[in-house]
Amino acid sequence: NTLVNNLLDMARLQSGAVNLRMEWQSVEEVVGSAIRAAQPALGGKPVVTVLPPDLPLVEFDAVLIERALVNLLENAAKYGASPIELGAEVTADALVITVRDHGPGLPLALQGREQTLFEKFTRGQAESSTPGVGLGLAICKAVVDAHRGEVSAANAPGGGALFTLRLPRKPPPADAASLPD
């Protein structure tokens, strides 16, 4: 069922059949929702959130960004070790969301070729006992691309893998009454 849903999502995203529902969102709410949705795949592994208390509202498609975060959390649970850290911050022109694990990090064979992880049906290790077909990160990339953003993977300082989503942002409207209910 998950495989079929992933294939359908990938087809919709690549065909441009997905209309982004760009709305001003609370990053904290989407992060919390993603962590709740990923609970079955996390298998009890703790997720530590690193969110500044003053995160502004950011305009994005909450359903799609939640899906991307769930895929990153599932990936961290499959291939990494606890704790999993999910962080977010804003810069003048971007929302930056990171998911980090404390496992072995990215395979040495991918050094300098980390972007290949985001290709369809690509896995960090071709032969692995860990189940998966290599669509989760491709869906993340398609979601981020639809938002005109960037996604990257790297080995984290001190060990583990670090995935970064960078979404362009503009300042929220000054008048909170102009926000949708």
(Q) Could you tell me how many of the residues in the range 64-116 are of a type in the set (A, V, I, L, M, F, W, C), under 18 Å from ASN155 (Cβ atoms) and surrounded by fewer than 16 Cβ atoms within 10 Å (Cβ to Cβ)? (A) 3
Q. Cβ-Cβ below 7 Å, separation at least six or inter-chain, first residue in the range 107-121 and on the phi > 0 side of the Ramachandran plot and modelled with pLDDT of 85 or more, second of a type outside the set (Ser, Thr, Tyr) and surrounded by fewer than 10 Cβ atoms within 10 Å (Cβ to Cβ): which pairs?
A. none
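Kindly evaluate LEU137 against the criterion of being modelled with pLDDT of 85 or more, touching a helix residue (DSSP H, G or I) at 6+ places or on another chain (Cβ under 9 Å) and farther than 29 Å from ARG21 by Cβ.
Spelling it out, it is not the case that LEU137 is modelled with pLDDT of 85 or more, touching a helix residue (DSSP H, G or I) at 6+ places or on another chain (Cβ under 9 Å) and farther than 29 Å from ARG21 by Cβ.
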Q: Output the qualifying pairs, or none if there are none: Cβ atoms under 8 angstrom, residues six or more apart or on different chains, first residue in the range 148-165 and open to solvent by less than 50 Å² (accessible area, probe 1.4 Å), second residue among the hydroxyl-bearing types (Ser, Thr, Tyr) and outside any strand (DSSP E or B).
A: ALA161/TYR79
**Q.** Of all residues making up the range 18-38, the number that are open to solvent by 70 Å² or more (accessible area, probe 1.4 Å) and modelled with pLDDT under 95
**A.** 3
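The values are calculated or read from the model by the stated rules, or taken from the named source; none is laboratory data. Small disclaimer: the values here were computed from a predicted structure and weren't measured. All Cβ positions, even for glycine, are placed from backbone atoms using ideal geometry, and neighbour counts span all protein chains on display. The protein model used for the area step is the full one, side chains on, heavy atoms only, and it has no ligands, DNA or RNA in it. Shrake-Rupley method; radii C 1.70, N 1.55, O 1.52, S 1.80 Å.
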